[in-house]
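Heads up, the thing below is written out as structure tokens.
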Amino acid sequence: MTGLNDEKESARQREYIEKCREIIAERSEKSGRPLSAIVCTFGCQMNERDSEKIMGSLMEMGYERALSEEDADIIIYNTCTVRENADKRLYGRLGVCKAYKQKNKDMLIALCGCMMQEEHVVDKIRKSYPYVDVLFGTHNIFKFPELLYTRLTGNSQIIDIWKDTDEIVEDLPTRRKYSFKTGINIMYGCDNFCSYCIVPYVRGRERSRDPKEIIREAEKAAADGVVEVMLLGQNVNSYGKGLDTKVTFAELLSEIAKVDGIGRVRFMTSHPKDLSPELIQVIAENKKIARHIHLPLQSGSDRILKDMNRHYTKEQYIKLALKIREEIPDVSITSDIIVGFPGETAADVDDTIDVIEQVRFDGAFTFEYSPRTGTPAAKMKQLDKAFVQENFDRVLSTVQRISKEQAGRFEGRVMEVLIEGEDEKDASRYTGRISQNNVVHFPKMGFSLGDFVNVSLDECMGFYYNSKTASGCLTDALC
Ligand code: 5AD
Ligand code: SF4
């Protein structure tokens, strides 16, 4: 499907929102209570952002936010398929939903996200979960109002999945989960085809958004009170390819940091093969850009990296990470690591552990390799589970030891914290994050959510800090 024009398509979908609104109002009057909706998100920050868009449409239609799935009149599961356990979780939840539907006959269930881009998943839902009402994919999220309207005015299961798209339709309502921070998509899809990864198949080819549109979105968010933005893409370092305007990710990042009212800019995710010296320099010179780089290593073995199709060696990765540490003082480097990729030996895992020790990751997600149907690695000979578990434990304990040691390095310093919520264990305290992304708990002292404050990091508790004092706003423009 091509030739869709963002404005025209957005206007069309807004008409469907209006039509749904009338139906929801009628149903609500009949049942004598407002109808409510919940969007449950699995997986990454890109899905989180898509869910905010879906929630935006639902709220414009007149739904209120439901507190639990059981209470909701519509549940949307925004799915992830990067590893197999995410798939299993969805099927478990759908089983429970059947009982909810028996209690509330008008309740609707919609599924979207990466899992829906897989044919075998859609077949299974069609056969085994006929009570699911709407299925749509990653390329046509913007069509949700139209699909919901079709379901509300008919009675059969609606399935609309596109194989790919070159369109970007953005101008639809959105409801941010937090009033003071948000994600902004700067690109969609991925062209890297790492041999273990399903993302390029379910999210399609890489497409960058026009920088002017991105800046406009950041300005609008800032005008609404957002003070921290996270620029999102599967591989932000290759931003700009295929655009008429020549622009690099580093240039975009420094433009976003100039937006009035934005106090902190984060980004996710970087591919080591494309991270430029220009980007390191821009971060080093600009205090508004978070001192945090998530730099997935995946493996420290050259042979495995080659089979993974990652396009860098162990040595190149270490060199890059140490250069980042040298040029950006206090930077935090986090990573993703896969253990158990086909053919991985104990010596390959030793190489991975060696990188963790040399780079000293501030944190790392460690995953057991999970074969995904349709990817090259799924066809390779798989390893023995007990052997993988043993290696996984070795990697995990190294990551935990090093990141705990790393966390302690800011103890006793006063650092800028963005207040993100109430401390779950103590209502007299707040929880926030420093630029490096570490969590800090501290007394409320009259501050508000979304404030930037100076906090003394008195005591490192392993992975977070406890503080006795918070003192005054740092970012003048925001006080
Ligand atoms: N098995 C295990 N981990 C995976 N990841 C991606 N695909 C797989 C897979 N098949 C991990 C990578 C990636 C993160 C988002 O998920 O480490 O960086
Ligand atoms: Fe998957 Fe590799 Fe693309 Fe990341 S860069 S989304 S791991 S294919």
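Within region 147-206, the set of residues being part of a helix (DSSP H, G or I) and either under 24 Å from Arg14 (Cβ atoms) or away from ligand 2 (no atom under 11 Å from the Cβ) (or both) comprises Leu147, Leu148, Tyr149, Thr150, Arg151, Leu152. Among the residues of region 361-394, those identified as part of a loop (DSSP other than H, G, I, E, B) and either at pLDDT below 95 or near ligand 1 (Cβ under 8 Å from one of its atoms) (or both) are Tyr369, Ser370, Pro371, Arg372, Thr373, Gly374, Thr375.
The set of residues in region 127-141 being farther than 12 Å from Cys112 by Cβ and not in a loop (DSSP other than H, G, I, E, B) consists of Lys127, Ser128.
Pairing each residue of region 83-96 that is in the same structural domain as Val132 (by TED's automatic domain parsing) and in a loop (DSSP other than H, G, I, E, B) with any residue that is surrounded by 14 or more Cβ atoms within 10 Å (Cβ to Cβ) and not aromatic (Phe, Trp, Tyr), provided the two are 6+ apart or on different chains, yields C-beta distances under 6 Å for Arg83/Ser370.
Within region 51-68, residues that are assigned to a helix (DSSP H, G or I) reach partners that are of a type in the set (Phe, Trp, Tyr) with beta carbons closer than 7 Å, at six or more positions or on different chains, in the pairs Ile54/Phe144; Ser57/Phe144. Looking at the structure I just gave you, is Ile338 within 16 Å of ligand 2 (Cβ to nearest atom) and either among the hydroxyl-bearing types (Ser, Thr, Tyr) or touching a Gly at 6+ places or on another chain (Cβ under 8 Å) (or both)? No: the conditions fail for Ile338. Going by the conditions given, is Lys124 assigned to a helix (DSSP H, G or I), over 20 Å from Ala66 (Cα atoms), assigned by TED's automatic domain parsing to the domain that holds Lys19 and of a type in the set (D, E, K, R)? Here the answer is yes, as Lys124 does meet what is asked.
Based on what the data block shows, is Lys101 assigned to a loop (DSSP other than H, G, I, E, B) and more than 25 Å from the chain's Cα centre (by Cα)? The answer is no for Lys101.
Return yes or no: is Lys404 surrounded by fewer than 16 Cβ atoms within 10 Å (Cβ to Cβ) and either within 21 Å of Ser301 (Cβ to Cβ) or outside the structural domain of Val229 (by TED's automatic domain parsing) (or both)? Against the criterion (surrounded by fewer than 16 Cβ atoms within 10 Å (Cβ to Cβ) and either within 21 Å of Ser301 (Cβ to Cβ) or outside the structural domain of Val229 (by TED's automatic domain parsing) (or both)), Lys404 does not qualify.
Residues in region 49-87 that are within 16 Å of ligand 2 (Cβ to nearest atom), within 20 Å of Met187 (Cβ to Cβ) and either of a type in the set (D, E, K, R) or at pLDDT 95 or above (or both): Arg49, Asp50. When Glu60, Glu48, Glu84 are screened for being within 28 Å of Ser31 (Cβ to Cβ), of a type in the set (Asp, Glu) and surrounded by fewer than 21 Cβ atoms within 10 Å (Cβ to Cβ), only Glu60 passes. One residue stands out among those in region 277-321 that are small (Gly, Ala, Ser) and either assigned to a helix (DSSP H, G or I) or modelled with pLDDT under 95 (or both): the one that is nearest to ligand 2 (Cβ to nearest atom), which is Ala321. Return yes when Ala377 is surrounded by fewer than 19 Cβ atoms within 10 Å (Cβ to Cβ) and in the same structural domain as Cys197 (by TED's automatic domain parsing) and no when it is not. Criteria not met by Ala377. Taken together, Arg303, Arg372, Arg360, Arg394 contain a single residue that is in the same structural domain as Asp274 (by TED's automatic domain parsing) and at positive phi, which is Arg360.
Residue by residue, here is whether (1) modelled with pLDDT under 95; (2) buried (at least 23 other Cβ atoms within 10 Å of the Cβ); (3) assigned by TED's automatic domain parsing to the domain that holds His294; (4) polar (S, T, N, Q) holds:
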| site | (1), (2), (3), (4) |
| --- | --- |
| Val417 | no, yes, no, no |
| Glu420 | no, no, no, no |
| Ala427 | yes, no, no, no |
| Tyr430 | no, yes, no, no |
| Asn437 | no, no, no, yes |
| Lys444 | yes, no, no, no |
| Ser456 | yes, no, no, yes |
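The test for being surrounded by 16 or more Cβ atoms within 10 Å (Cβ to Cβ), away from ligand 1 (no atom under 16 Å from the Cβ), part of a strand (DSSP E or B) and not small (Gly, Ala, Ser) does not hold for Val247.
The values are calculated or read from the model by the stated rules, or taken from the named source; none is laboratory data. Being a predicted model, the structure only gives us computed values, none of them experimental. Glycine gets a Cβ as well: all are built from the backbone with ideal geometry, and neighbour counts include every protein chain shown.
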